[in-house]
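The values are calculated or read from the model by the stated rules, or taken from the named source; none is laboratory data. Note that the structure is a prediction, hence the values are computed from the model and not measured. Ideal geometry is used to build each Cβ from the backbone, glycine not excepted, and the neighbour counts take in all protein chains shown.
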């Protein structure tokens, strides 16, 4: 299994609005190999807010297929990442990837 982490540094006060975007799925659930998504908001950071989007996949190839998909393009068409755009709450965006060595879930 494979995990991608998209870490967003946001302007203070914008995490709630950013996380609401994820309430309505925009096609990722239809991509072969997609398993799970978690959206987290970090606590106790003074100057910024931090949101992490963690997605779980069968494989890295499945994740890469998502990045190339029309669904990805559609879901991200209104995301403003341009630093010159003063309206964008995104200060920094960083993607990290991981192989999942162990997973245990009990809800």
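Observations on the structure shown:
- Residue 15 meets the conditions (1) over 18 Å from residue 1 (Cα atoms); (2) within 14 Å of the chain's Cα centre (by Cα); (3) modelled with pLDDT of 90 or more; (4) exposed (fewer than 13 other Cβ atoms within 10 Å of the Cβ) in every case but one. The failed one is (4).
- Selection count, segment 47-73, where residues are under 12 Å from residue 5 (Cα atoms) and assigned to a loop (DSSP other than H, G, I, E, B): 0
- Screening the candidates 44, 32 for the property of being part of a loop (DSSP other than H, G, I, E, B) and without any contact (Cβ under 8 Å) to a residue 24 or more places away in the chain yields one hit, 44.
- Candidate set from segment 46-58 (those that are surrounded by 12 or more Cβ atoms within 10 Å (Cβ to Cβ) and more than 16 Å from residue 95 (Cα to Cα)); member that is modelled with the highest pLDDT: 58
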